[in-house]
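Please read the structure below before turning to the comments.
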Amino acid sequence: MKRAILSCNGLDKPEGSVAREVAIRAAGATGGEIVCPVLLNRAPARYKKLLGENSLIVVDGCSTRCASKVAAQVAARVDRKILVSDAVKASGRPLDSTLNLGAGGLVLAQTIVDELVRNLNTPATTPEPATVFEQPTEFLTVTHDKFEFRIPVVDYLFNENDVWVRVSDDVARVGISDYMQQKLTDISYFDPPKADGTVQQFGELGSLESSKAVFEVISPASGTVASVNPAVIANPGLINEDPYGGGWLVEMNLTNWSQDLELLIDPAAYAEVVKRKAEEE
């Protein structure tokens, strides 16, 4: 399969310069075509055919993830994501502050490309069957002024940070509440946690962005990140449309569930939290 390659512009940070070099070298190594982020943002029709026929490799320089945001806006089919700042940390060698890549930056770029090519050439293994979570059908409703906030009754627990969790066996699915998605309004970007990363209860599990605010997703449980919802990466608006179903964010393998439970609240208690928050606004 051919790939298209989208990187950040790399104009103001050394990590950006590395990202640009990675894109150039990755294009040569994979036979891929480089996508201009500015043109993709302003005239996405220019790349409609290319992105329709090829999966996308996204290369971001820093945690701002400009290229990932552009890819999300056009609902591109992302195959791989590379974050240069993570690669810098993993290497243990800081980049020179200059935007002109020295020997260290060039070596890092080639190392990233070599790992990318190895991963692309590794045969995919057959995944284990996914845990099935049924769509909720019973809700409590909290009404405030003209707003209604729905809260599922069965199988959902919450923290007071407006994040829900459902558990099946030792797998937890996590998302944000209807109250929070309405407060944020149109969600435009989900910055997910690192795959296989370890998160403690009340640690950060990624963040959401809207025109109103940036919202840190506070984990309701301790565990390791098993998967991120690809549908939400491609279309963050799903969170607004269906926060308790298709708009879920992350699945985790639990590590301390029996203790985590002690600090979570049931739907009725969370309804009281929503009432209080809505009245205080």
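Odds and ends about this structure:
- As a length-normalised measure over Cα pairs under 8 Å and 6 or more apart, the relative contact order of the chain settles at 15 percent.
- Accessible carbon and sulfur surface of region 34-115 relative to its total accessible area, %, 1.4 Å: 53 percent
- Region 133-164 residues near the modelled Ile265 label - backbone nitrogen below 20 Å, point 7 Å along Cα→Cβ: 139-145, 147-164
- Probe 1.4 Å - accessible area at Ser188, Å² to nearest ten: 60 Å²
- Solvent exposure ordering (accessible area, 1.4 Å, most first) of Thr255, Thr111, Thr224: Thr255, Thr111, Thr224
- For region 143-192, applying the loop criterion from DSSP together with a ceiling of 11 other beta carbons within 10 Å to the trypsin sites (Lys or Arg not before Pro) yields Lys146.
- The Cβ shell under 11 Å around Val217 holds other residues with a net charge of -4, Lys and Arg each +1, Asp and Glu each -1.
- Summed side-chain charge close to Gln181 - residues other than Gln181 whose Cβ falls under 11 Å, Lys, Arg +1, Asp, Glu -1: -3
- Reach of Lys49 by Cα under 13 Å, taken over aspartates and glutamates that are not fewer than 8 positions away in the same chain: Glu33
- Extent along principal axes [Cα atoms of the chain; Å; largest to smallest]: 58, 39, 38
- Zero-based 5 Å bins, Cα pair distances in region 34-109, whole percents: 3, 14, 23, 20, 14, 12, 10, 3, 0
- Ellipticity estimate at 222 nm from DSSP helix runs (n ≥ 4, -39,500 (n - 2.57)) divided over the chain, nearest 500: -10000 deg cm²/dmol
- Couplings 3J(HN,Hα) for region 85-94, derived from phi with the Karplus relation 6.51 cos²θ - 1.76 cosθ + 1.60 (θ = phi - 60°), are 4, 5, 5, 4, 4, 5, 6, x, 10, x Hz, where x marks Gly and Pro.
- Average silhouette area of region 20-154, convex hull of alpha-carbon atoms, in square nanometres: 14.1 nm²
- Environment charge of Ser55, counting only residues whose C-beta is closer than 13 Å and scoring Lys/Arg +1, Asp/Glu -1: +2
- Where only C-alpha atoms are counted, convex hull volume of region 159-281 per residue in Å³: 96 Å³
- Accessible area in square angstrom per residue, the chain, 1.4 angstrom probe: 52 Å²
The values are calculated or read from the model by the stated rules, or taken from the named source; none is laboratory data. Here the structure is a predicted model, which means the values were calculated and not measured. Here Cβ is always computed from backbone atoms with ideal geometry, including for glycine, and neighbour counts include all displayed protein chains. Please note that ligands, DNA and RNA were not included when accessible areas were found on the heavy atoms of the full protein model with its side chains. Shrake-Rupley method; radii C 1.70, N 1.55, O 1.52, S 1.80 Å.
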